[in-house]
Amino acid sequence: MKKTIALAASMLTLQVLPALAADDEMTLVIKDHRFVPAEFKVAAGKKIKLIVHNQDASAEEFESHELNREKIIAGGAKATIYVGPLKPGRYPFFGEFNPATAQGAVIAE
C-alpha cells in the first residue's frame, strides 16, 4: 500500500512539473525592416519562446551571436526560436539582411 501511494505521488509530481516549467513567450514583429519592440525584458534563468512574425514582404534573418541563434523568416511568415535560460545581461540581435535598421536586444533581469 505504501509503495502504491509513493508511486502515485511520484507520477503526479511528474505530471505537474511540465506545467511549472512552462516557457515565457514573447512576440517580436519585423515591420519596415525593424524589430518591434526593439528591446524587451525577460526573467533571467528562464527559457524563452520567441515568436518572430515577419510582416514585411521580403525575408529577414534573425541573428544573434550572444544568443547563438540565427533563423531566416520568409516574408509574411512566423518562426519560433527558443533561447535560454539566460543569465542576467543584454543580448543583442539583428536582421542579417537589413543590419542598419533591424537591431534589437533581449534584456534578462
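For the stretch 28-45, which residues satisfy the criterion of being surrounded by 15 or more Cβ atoms within 10 Å (Cβ to Cβ) and under 12 Å from the mean Cα position of the chain (by Cα)? Let's see the steps before the verdict.
Narrowing the stretch 28-45 to residues surrounded by 15 or more Cβ atoms within 10 Å (Cβ to Cβ): 28-30, 33-35, 40, 42.
L28, F40, V42, listed by residue number.
Looking at this structure, is Y91 hydroxyl-bearing (S, T, Y), surrounded by 14 or more Cβ atoms within 10 Å (Cβ to Cβ) and not in a loop (DSSP other than H, G, I, E, B)?
Yes.
Mind checking which pairs have a first residue in the stretch 29-44 that is on the phi < 0 side of the Ramachandran plot and touching a residue at least 12 places away in the same chain (Cβ under 8 Å) and a second that is surrounded by fewer than 13 Cβ atoms within 10 Å (Cβ to Cβ) and polar (S, T, N, Q), Cβ under 7 Å, 6 or more apart or different chains?
Going by the 7 Å Cβ cut-off, the qualifying pairs are R34/T101.
Throughout, read-outs are computed from the coordinates displayed, never taken from laboratory work. Every value quoted in this text rests on a predicted model; they were computed, and no experiment measured them. Cβ: placed from backbone, ideal geometry, glycine included. Neighbour counts: every protein chain shown.
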